[in-house]
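Presented below is the structure to which this report refers.
Nothing in this text is a laboratory measurement; each read-out follows from the coordinates by a stated rule. Bear in mind that the values here come from a model prediction, so they are computed numbers and not experimental data. All Cβ positions, glycine included, derive from the backbone under ideal geometry; neighbour counts span all protein chains shown.
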Amino acid sequence: MHKEKRNDVASRRGFLRNLTALGAAGGTMLAEAAHADTTRDGAAGTQIAQSEEPKPKPKPKPAITAVLDKGDFKTLQEIVLAAKRNLPPDLWTHLTGGSDSETTIRRNRLAFETLALRQRVLVNVNQIDLSTTLLGQTLAFPLFISPVGGYTGLAHPQGVLPVIRAAESVGTVAVVASNVRPGFEAAAKASQHPFISQLYITSDRKWLTDRLDRVRKAGYRGLAVTVDRNFYARRERDLITGFERGGASDDTSHQASLDWDLIDWIRDYSKLPLILKGVATGEDAELAVKHGATVVWVSNHGGRQLDQGEGTLDVLPEVVKAVRGRAEVVLDGGVLRGSDVVKALCLGARAVGVGKLMGYSLAAGGESGVRCMLELMQTEIRSVMGLIGARSVKELNASRVKRAMPVQYPTVTSAFPWFEEQLRQV
Ligand SMILES: Cc1cc2nc3c(=O)[nH]c(=O)nc-3n(C[C@H](O)[C@H](O)[C@H](O)COP(=O)(O)O)c2cc1C
């Protein structure tokens, strides 16, 4: 076995032994650590994530059955099932849940499921070019990994590092979350080409200045400011399972005060290409361009923030129209299949991100699991493009899709019918 892979397996085994020792209580305590995702960012959050080992409470039941370095899944559905088996219930719930009535999370899927692909035939598709570029970086295929905060640190002892390695090994990239374990600087060091650092603002201007200096020094190509989390939404499933930590000590006023003036300041001070993550209307897309955004990122946080919002794929056309080619447009939210990626590209996205799908694959098989997921997505994208007669991503446009009736009431996992059947049989 490859040395790096052996280390990965060993460290994951140790990590899981700790989790097992934690028993049922482990989920909640880990959830509290993960709440760094929601309450603590940057240097302080990183330190806490690294140094605060949850203290075992005497509870009997193992939380996780087995997670090894595993990348031999034949389908995405098996990855999701393995994740469901491996994750403690409250962490699964945290990963898959949305806010309030979870309308936005379902609309993300509904938007994909109500768009059909138009099948064009007799085109020689023996060679298909899946590559695209983002911020001048070539991606082997138009899929990247969205930031998922503290989650990676809960699903893997090395946090985001295996995710970065997996992405780079197949020619794509992972965006590094604000509060990631083992820290955005360590993540940059582990990258062949540090890509995008995502930012939440959790303290005053002095903190922000220092943070931006460090992001630039770490060598990131771009800075993504997440703009759809001025308030932390009510994720009721987390409240019910106890995942949400009461009395979070962070001063949330910094996130709540974020506005276009501060965006201007951040852009000027950081001197990095600016990415605005969480744009969901044409009006804000227009403003984003006016305020110097290099990338407009259509996102609703995977349905975890504003409920009763639109699906991101439904929003995409008005954003693309408003941007008028003056910035690159990317999208995430509900992407679970290669066909979803192709549909988003048809409507004008340059590349597409996955959050939950990465979360499943990391829980299912560590670094190999993430690599396997990315390879399967690449295979699906290639196959769909071949079947609609598209030889390169440049040939994808609105003429290749058409509105259609949904075939089911969408759920967060309805793209995986076999997986849902397995759950019903248990
Ligand atoms: C567990 C979890 C944690 C997340 N944490 C962050 C974060 O720290 N920063 C951020 O900008 N977005 C965060 N997001 C949102 C993702 O970046 C992305 O927008 C979303 O997951 C895309 O939707 P999808 O999960 O349906 O693919 C998180 C999403 C999940 C599922």
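Quick notes
- Taking region 250-408 and dividing mean pair separation by its residue count, relative contact order in percent (alpha carbons under 8 Å, at least six apart): 17
- The distance linking region 140-161 with region 339-358 is 17 Å (Cα centroid to Cα centroid, whole angstrom).
- Overall form of region 158-245 per C-alpha gyration tensor (a/c, 1.5; a/b vs b/c): oblate
- Each of F243, F184 was scored by other Cβ atoms within 10 Å of its Cβ. Listed from fewest to most, they are F243, F184.
- Note on region 244-322: Cα Rg divided by 2.2 N^0.38 Å, N the number of residues, gives 1.24.
- Along each principal axis, Cα extent of region 289-426, largest first, Å: 52, 37, 36
- The charge dipole of region 251-382, taken about its Cα centre with unit charges on the Cβ atoms of Lys, Arg (+1), Asp and Glu (-1) only, comes to about 520 debye.
- Ordered by the count of other Cβ atoms within 10 Å of each Cβ, fewest first, H291, H301 give H291, H301.
- Values of log10 I(q)/I(0) for region 342-421 across q = 0.25, 0.27 Å⁻¹ run -1.26, -1.27, by the Debye formula with one identical scatterer at each alpha carbon and no solvent.
- Region 310-396 - charge dipole about Cα centre, Lys and Arg +1 at Cβ, Asp and Glu -1, debye rounded to 20: 300
- About the Cα centre, charge dipole magnitude for region 129-239 (Lys/Arg +1, Asp/Glu -1 at Cβ), debye: 300
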